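The values are calculated or read from the model by the stated rules, or taken from the named source; none is laboratory data. Computed from a prediction, not measured in an experiment: that's the story for all the values here. Methodologically, a virtual Cβ is constructed for each residue, glycine included, from the backbone with ideal geometry; neighbour enumeration extends over all protein chains shown.
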Amino acid sequence: MADAKKIATREAYGQFLVEYGAEREDLIVMNADLSGSNKTDGFEKAYPERFIEVGIAEQDMLAEAAGIAHSGHVVAASSFAMFAVGRGYEMIRNTIAHTNANVKVCATHGGLTVGEDGATHQPFEDIALMRGIPGMTVINPADAVSSKALLRQIFEMDGPAYARFGRSGVPAIYDESEADLIELGKGFTLRGGNDATIIATGIMVSKALEAADILKQEKINCRVIDIHTIKPIDSDLIKKAAYETDYIVTAEEHSVIGGLGSAVAEICAKRMPYDCIAMIGIQDTFGESGKPDELLEKYEMTTQDIVNAVKRLRSIDAPSAKR
């Protein structure tokens with residue numbers, strides 16, 4: 001991992017908007033009464049004439065965003081993930097995606113590490129919902145560098161996209177020099193290894209790397225893949241890992257139902273035996289109020305839980321269909 005202080009991906013989103021706003025006069029940013037929290041306030045100060053505050057009205061914001069986009073603009077519609085997707089699903093599906101509006105739904109505060117706000121503000125279903133919408137691109141960056149690189153790519157493509165960002169600071173995974181190597185729709189192999197593969201997304205990428213370091217000390221060499229683009233997913237890279245390693249562990253700050261784990265399992269279903277895939281993530285439950293690190297421990301989403309999953313799979317007899 002790159003040696004830098006922790007930066008929340010929502011911070012990177014706010015910085016990107018200000019930088020990108022200088023390049024594109026057709027960029028409109030919309031917000032639902034959360035500009036300080038989702039970091040769109042920087043854009044508001046820099047370009048007040050292109051910032052629209054709708055108040056606590058996500059459905060209105062998303063419907064208006066579609067209309068503005070069809071008038072020739074690219075729109076960033078911002079709120080907490082729980083509210084953008086939870087309240088706004090119909091508008092995202094019917095008004096934005098069905099009409100192929102050039103709207104990027106940029107949601108912050110995704111996942112368990114929203115922390116003390118508790119279950120009502122911890123969305124574990126947002127990626128599953130967005131992944132199921134036809135034509136929707138879905139990204140879940142691991143750090144600030146990949147956030148900015150992927151944001152530029154989704155804003156420069158035509159059509160709808162969903163971008164998920166976190167509340168808490170995360171370690172740097174990529175150096176600035178690697179930004180050009182981060183490609184929408186292509187996973188990134190961060191670590192080589194042929195004993196097992198850990199496929200992670202979002203905040204769990206750093207934990208996957210930590211787990212690989214621990215396992216290496218025990219002479220278990222794990223491949224680590226960052227799947228920052230959930231849709232379109234890099235099926236070729238995942239199939240390659242399935243062919244070259246006996247076991248796969250997925251790690252995500254999201255329900256294992258419909259998220260990264262489901263997507264990987266769908267790809268591997270015809271190749272890997274049942275007992276060769278484990279999924280680290282929310283196991284079909286709601287969250288609760290608590291400190292982020294304590295919640296990750298309770299819901300078995302720590303570095304050690306990834307380590308344990310790899311060991312558990314390796315304790316099972318090796319697959320009969322050996323590569």
Notebook entry, point to check: Which residue out of A144, A149, A200 is in contact with a strand residue (DSSP E or B) (Cβ under 6 Å, 6 or more places away or on another chain) and farther than 28 Å from L313 by Cα?
Noted result: A144
Notebook entry, point to check: Does A12 meet the test of being closer than 12 Å to D143 by Cβ, in the same structural domain as A63 (by TED's automatic domain parsing), in contact (Cβ under 8 Å) with a residue 24 or more places away in the chain and among the hydrophobic types (A, V, I, L, M, F, W, C)?
Noted result: yes
Note to self: I'd like the residue in region 173-190 that is within 15 Å of the chain's Cα centre (by Cα) and part of a loop (DSSP other than H, G, I, E, B) and, out of all such residues, is surrounded by the most Cβ atoms within 10 Å (Cβ to Cβ).
What the structure shows: I173
Check: Name the residues in region 106-128 that are under 13 Å from the mean Cα position of the chain (by Cα) and either in a loop (DSSP other than H, G, I, E, B) or among the aliphatic types (A, V, I, L, M) (or both), would you?
Finding: A107, H109, G110, G111, L112, P123, F124, E125, I127, A128
Next item on the list: Give the residues of region 220-273 that are part of a helix (DSSP H, G or I) and under 24 Å from T285 (Cβ atoms), sorted by residue number.
Entry: L260, G261, S262, A263, V264, A265, E266
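Output the residues belonging to region 57-75 that are without any contact (Cβ under 8 Å) to a residue 60 or more places away in the chain and in contact with a strand residue (DSSP E or B) (Cβ under 8 Å, 6 or more places away or on another chain).
Taking region 57-75 and keeping what is without any contact (Cβ under 8 Å) to a residue 60 or more places away in the chain, we get 57-73, 75.
Hits for region 57-75 are E58, M61, L62, E64, A65, A66, I68, A69, H73, V75.
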Notebook entry, point to check: Taking interchain pairs and intrachain pairs at least six residues apart, which have beta carbon atoms under 6 angstrom, with the first residue in region 222-236 and basic (K, R) and the second part of a strand (DSSP E or B) and surrounded by 24 or more Cβ atoms within 10 Å (Cβ to Cβ)?
Noted result: R223/T197; K231/V138
Check: Of the residues that sit in region 208-223 and are surrounded by fewer than 24 Cβ atoms within 10 Å (Cβ to Cβ) and under 22 Å from the mean Cα position of the chain (by Cα), which one is farthest from S235 (Cα to Cα)?
Finding: E210
Check: So, of the residues in region 44-62 that are under 24 Å from the mean Cα position of the chain (by Cα) and over 23 Å from D117 (Cα atoms), which turns out to be surrounded by the most Cβ atoms within 10 Å (Cβ to Cβ)?
Finding: L62
Next item on the list: Could you run through region 21-43 and say how many residues are crowded, with 19+ Cβ neighbours inside 10 Å and outside any helix (DSSP H, G or I)?
Entry: 9
